[in-house]
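A short write-up of the structure that comes next.
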Amino acid sequence: MNRIGFYKLILILIITVIPEVYLNAQNPLKIDLGGPWQMRRDGTIKWGNAKVPGLVHLDLLKANVISDPFYNDTEPNLQWIGETAWEYRRVFLVPDSLFAFRHLELVFEGIDTYANVYLNDSLILSADNMFRTWNVDVKNILRYGANELKVKFPSVVQENKDRYSKLKYKLPGDEKVVCRKAAYHFGWDWGPTFITSGIWKPVYLKAYNYVNLLAVQYSQKEITETNAHISAVFTVYGELSDTATITVSSNNEVLFSQRNVIRKGPNFLRCDFDIRNPMLWWTNGLGEPYLYSLNHEIRFAGKTVAKGTTRIGIRKIELIRKSDSLGSPFYFKLNGIPVFMKGANYIPQDNFLTRVKDSSYAAIIKSVADANMNMLRVWGGGIYENDIFYDLCDEKGILVWQDFMFANAMYPGDKEFKQNVQAEVGQNLVRLRNHPCIALWCGNNEIEEGWKNWGWQKQYNISKEDSVEIWNNYLSLYWNLLPGLVNRYDSGVPYISTSPMIGWGHPESLKNGDSHYWGVWWGKEPFDTYKTKVGRFMSEYGFQGFPPFESLRKSIYTPYLDLKSPILKSHEKHPQGLELIDEYLLRDYKTPKDFQSYVYVSQVLQAEGIKTAMEAHRRAKPYCMGSLYWQLNDCWPAISWSSRDYYGKRKALHYFATKAFAPFLISPQYEQGRVKVTVVSDKLEDKKAELRLKLIDFNGKQIWQKSVNIDIPANSSTVFFDSTLLAFAPKLKLQSSLLFTLLVSGNDTLSQNILYFDAVKNLQLDSAVIKRTIKEIAGGYEVELTTDKLAKNIYLITPLIRGEFSDNFFDLLPGETRKVIYYTDIKNPNFSIFLRIKTIYDSCKVKE
């Protein structure tokens, strides 16, 4: 076959034919242009296979041009991809009948990031924002029959350099600040640098005639126990002036039906209706997150021109910030009730966004709900997440603190940049505003703190005059433009300009607004500092831990799994990360005996440290009304702050968070010779319970006990026991005893916790005989454990059988029976052989 014949064959393979069946479909019509495409390096001849939605890195990976970007230390060798220009193309056939539509739009829901789009060799679009949808009317450019679509991606690195060099001064954050692209793609202290390009969201032709429905908004004007008054606004573009009938229904009941005059051009059509005896939407743990499916239909000239379904939740969300005698509070009211927010900060699930599957979204939001969380903060250096993320949060009752995509940098203030941002923000507000999960819009992450506290002016040699201009640009963007857009498009949800308002190095940060507290980790303060450094709403705090050893082996060749290995260090992006973990670990634990033990102990260290913070925050209720740790997840296999690793495996922290965020928490403390026991309730009803306290030694011998019936107030934090240790245990051996605390109601255990009186490295632990009984059950195995002596931080491992334990890293007391479920779809008669158990004693004991 000659060269011309070969390219004709390739062309035939990539042609998309628009079937006639589409032309009989409801108007508007969408014709998907995703699927197989071709791509090549700009300036070369040979085309390779590509996929849309997709990214250059993934196409190169599938073609075996590059190796796994996440394996070993491959990352530095792939930086040339972001320094290179790329080109994509596909050919599609347009039947004559499609031209009967008055409008044919080409829609890109997301292009990453700089791109020039050509249709039949005509430049129709120059894109420069990955967060925007781009629409172009192409009816006059489309041809009968074959059409060619090309997208050329210039080098992101070079384009950023060119744009940054044209600024009149250097802006903190360097070249990426000129680029409306996910900031984490340029590297962070938990993630690699992979500067991607591609058509990362769907691309399609949209055909319509006389009416184009652009948006639907449902606003809740008044909510009572017996009625919810809803206002719907339909944004419609009319091609002709005429009347149309708008109908809104739910569960086969028509809520509203009215004829409206549609004039040529933009129309904003409002209809009001009531939902009687409404079911309210509640957060996880407080009630059902009830959702109404509202169906809309627009009929024009006797035909249905638009229809769809929008889910809403009836709820009222408020952010309370009015000053009190202690400072400025920061808490959320849901349906009139102050709610303590329990959760984490969320980052994108992958550096290569198009390979995050719906099942991954389902798994991570399920893990959030199962861990008793009720809020996630979508961090401003990532992306406005895909619709499924918010759909799942709606369903699970997880409120979303949504940052706009600005983080840790100062951004340009020119007219063109702000117009770009205005389109980006407006589109995403319209896309997300009907979700009941949206609780807060936040202008940026840590920019005001950075400008005031991080020495940017000196670092970037910014003059006083330029400082004034940069700060005024900041105010224009976050104090004027963004709140104005929120007020216009989603006025029922609160807005704040930045998080936090005051940096953690200032005492006022713990009295006013939300707080990012990094005295632990960055400041090297001990974990006990968490007990006293408690703010009004703790929106960031954290500590690093290794992922499970089995996860490390997936991304690092086993011989390189060593603390001194440069390849291991390449998966730790914090410059002092390994040193800080080691410094904190040796404060509280003996030196682990080998690398696998070190990985395990680091997880326990992370979990115990963050547990200290979580409990302190909840005990301080209502002074403190939120605890969102950094961070929930990873975007690649890493040693990081996450509680779930890149592969979705729960680290010790996630298991600890599940208990620390439970609706009822029993939290014992030992300070300056006193023992206090606090009970926290997030429930909205009072609860009668029994508080049981038992002091035992590590062999199970009882030293002291106390039991008392208590009344737990709704939505409260109450100290129910406060005594000096000398008063009830004057001769206690602190290094070999513990206080077991239990909260029960009837036959239900509401919460339990253990208090130790010294650092783990000082405890007189001994070898424990752990007996296990294993029973096969539906959906996995039941593992029953008992021990003759205290078994600290039992870690159950089954590396050869895929699944997940219901509990792990827990302490088992002498004589106690603990049942744990291993959820797996794999049945193996050798499960008992494959099950391994680690404890702190086994991992930290000195080698013989």
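The values are calculated or read from the model by the stated rules, or taken from the named source; none is laboratory data. Remember, predicted model here, so these are calculated numbers, not experimental data. Here the Cβ is made from the backbone with ideal geometry for all residues, glycine too, and neighbour counts use every protein chain on show. Ligands, DNA and RNA are excluded from the accessible area calculation, which covers all protein heavy atoms including side chains. Shrake-Rupley method; radii C 1.70, N 1.55, O 1.52, S 1.80 Å.
Whole percent per 10 Å bin, from 0 to the bin with the longest distance: what is P(r) over all C-alpha pairs of the stretch 631-757?
All Cα pairs, binned at 10 Å, distribute as 12, 35, 28, 19, 6, 0 percent.
In terms of modelled amide H atoms, which long-range or inter-chain residues lie less than 5 Å from the amide H of PHE256?
Answer set, sorted by chain and number: VAL248.
With a Förster radius of 60 Å, plug the Cβ-Cβ distance of SER723 and HIS103 into 1/(1 + (r/R0)^6) and report the FRET value to the nearest 0.05.
So the FRET efficiency works out to roughly 0.20.
Suppose all protein chains stay in the model; what accessible area per residue would a 1.4 Å probe give for the chain, in Å²?
On a per-residue basis, the chain sits at 41 Å².
How high is the relative contact order of the chain, in percent, counting Cα pairs under 8 Å that sit 6 or more residues apart?
Computed over the chain, the figure is 9 percent.
Among ASN135, TYR647, VAL769, whose Cα projects farthest towards the positive end of the dipole of the chain, with charges put on the beta-carbon of Lys, Arg (+1) and Asp, Glu (-1)?
Towards the positive end, the residue furthest out is VAL769.
Give, rounded to the nearest 20 debye, the magnitude of the charge dipole that the stretch 279-373 has about its Cα centre when Lys and Arg contribute +1 at Cβ and Asp and Glu contribute -1 at Cβ.
So the magnitude is around 320 debye.
Could you please state, rounded to a whole Å, how far the C-alpha centre of the stretch 311-371 is from the C-alpha centre of the stretch 802-844?
Each part reduced to its Cα centre gives a spacing of 31 Å.
Could you work out the relative contact order of the stretch 511-573, using alpha carbon pairs under 8 angstrom and six or more residues apart, expressed as a whole percent?
Relative contact order comes out at 29 percent.
Toward the positive end of the charge dipole of the chain, about the Cα centre and with charges on Cβ (Lys, Arg +1; Asp, Glu -1), which of TYR390, ILE320, TRP479 goes farthest?
Toward the positive end, the furthest listed residue is TYR390.
How much of the accessible area of the chain, probe 1.4 Å, is carbon plus sulfur, in whole percent?
Carbon with sulfur: 49 percent of the solvent-accessible area.
Please state, as a whole number in µm²/s, the translational diffusion coefficient that the Stokes-Einstein equation yields for the stretch 173-295 at 4 °C and 1.567 mPa s, with Rh defined as the Kirkwood radius across alpha carbon pairs.
The estimated diffusion coefficient comes to 69 µm²/s.
Compare ARG619, ARG102 by solvent-accessible area with a 1.4 Å probe and give them largest first, with all protein chains kept in place.
Sorted by accessible area, descending: ARG102, ARG619.
Estimate the FRET efficiency between GLU465 and SER491 by the formula 1/(1 + (r/R0)^6), using the beta-carbon distance for r and 30 Å for R0, to the nearest 0.05.
Calculated value: 0.20.
Where nothing but the Cβ of Lys and Arg (+1) and of Asp and Glu (-1) is charged, how large is the charge dipole of the chain around its Cα centre, in debye to the nearest 20?
Computed charge dipole of the chain: roughly 380 debye.
In the stretch 405-500, what chymotrypsin sites (Phe, Trp or Tyr not before Pro) fall in a loop by DSSP, with at most 15 other Cβ atoms inside 10 Å?
Sites meeting the loop and neighbour criteria: TRP454.
For THR498, list long-range residues whose amide hydrogen, built 1.01 Å from N in the peptide plane, is under 5 Å from its own amide hydrogen.
Close amide H contacts, sequence-distant or interchain: GLY443, ASN444.
Just name one of VAL520, LEU61, ILE462: the one whose Cα is farthest towards the positive end of the charge dipole of the chain (beta-carbon charges, Lys/Arg +1, Asp/Glu -1).
Looking along the dipole axis, the top candidate is LEU61.
Between the alpha-carbon centers of the stretch 199-272 and the stretch 579-618, tell me the distance in whole angstrom.
Distance between centres, Cα-based: 54 Å.
When the solvent-accessible surface of protein heavy atoms is calculated with a 1.4 angstrom probe, in what order do TRP522, TRP504, TRP190 fall, highest first?
I get TRP522, TRP504, TRP190, largest accessible area first.
Dividing the Cα radius of gyration by the Kirkwood radius, what Rg/Rh value follows for the stretch 758-807?
Result for the stretch 758-807 is an Rg/Rh of 1.06.
Quick check: the angle from helix 3-14's long axis to the longest principal axis of the chain, C-alpha only, nearest 10 degrees?
Here the helix axis deviates by roughly 70 degrees.
Please report the base-10 log of the normalised intensity I(q)/I(0) for the stretch 378-465, using a Debye sum with one equal scatterer per alpha carbon and no solvent, at each q in 0.13, 0.24 (1/Å).
-0.54, -1.21
How much length is gained on full extension from GLN672 to ILE777, taking 0.36 nm per residue of separation minus their Cα-Cα distance?
33.0 nm
Please identify which residues in the stretch 192-216 have an amide N closer than 20 Å to a label point set 7 Å out from the Cα of LEU240, following the Cα→Cβ vector.
Residues 207-214 qualify, since their backbone N sits under 20 Å from the label point.
Heavy atoms only, probe 1.4 angstrom, no DNA, RNA or ligands counted: give me TRP80, TRP281, TRP188 ranked by accessible area, highest first.
Descending order: TRP80, TRP188, TRP281.
As a test question: what accessible area, to the nearest 10 Å², does ARG163 have when a 1.4 Å probe is rolled over all protein chains in place?
80
Spit out the partnerless Cys residues in the chain, using Cβ distances under 4.7 Å as the pairing rule.
By the Cβ distance rule, which asks for a partner under 4.7 Å, the isolated cysteines are CYS179, CYS271, CYS442, CYS624, CYS635, CYS844.
Rounded to the nearest 10 degrees, what's the angle between the helix 595-619 long axis and the longest principal axis of the chain, both from Cα atoms, 0 to 90?
Helix 595-619 sits at roughly 90 degrees to that axis.
Simple spin-label model, 7 Å along Cα-to-Cβ: THR304 to ASN77 in nm?
Going by the 7 Å Cα→Cβ label model, 5.5 nm.
Can you give me the distance in nm between label points at ILE337 and LEU167, each placed 7 Å from the Cα along the Cα-to-Cβ direction?
Rounded to a tenth, the inter-label distance reads 4.6 nm.
Between the helical axis of 387-396 and the dominant principal axis of the chain, each derived from Cα atoms, what acute angle in degrees is found, rounded to the nearest 10?
Taking Cα atoms only, the helix is inclined about 40 degrees.
Taking the Cα centre as origin and putting +1 on Lys and Arg beta-carbons and -1 on Asp and Glu beta-carbons, what dipole magnitude results for the stretch 745-840, to the nearest 20 debye?
I would put it at about 320 debye.
I'd like the per residue volume of the convex hull spanned by the Cα atoms of the chain, given in cubic angstrom.
196
Mind checking the log10 I(q)/I(0) for the stretch 421-506 at q = 0.12, 0.18 Å⁻¹? Debye, one equal scatterer per Cα, no solvent, two decimals.
Cα-only, vacuum Debye calculation for the stretch 421-506: -0.44, -0.83.
Please list, in chain and number order, the residues 5+ apart from TRP704 or on another chain whose amide H is under 5 Å from its amide H, with Hs placed from the backbone.
HN-HN under 5 Å from TRP704: LEU695.
Under the Karplus relation 6.51 cos²θ - 1.76 cosθ + 1.60, θ = phi - 60°, what is the ordered set of whole-Hz ³J(HN,Hα) values for the stretch 294-306, x standing for Gly and Pro?
Using θ = phi - 60°, the values come out as 9, 9, 10, 9, 10, 10, 9, 6, x, 10, 6, 9, 7 Hz.
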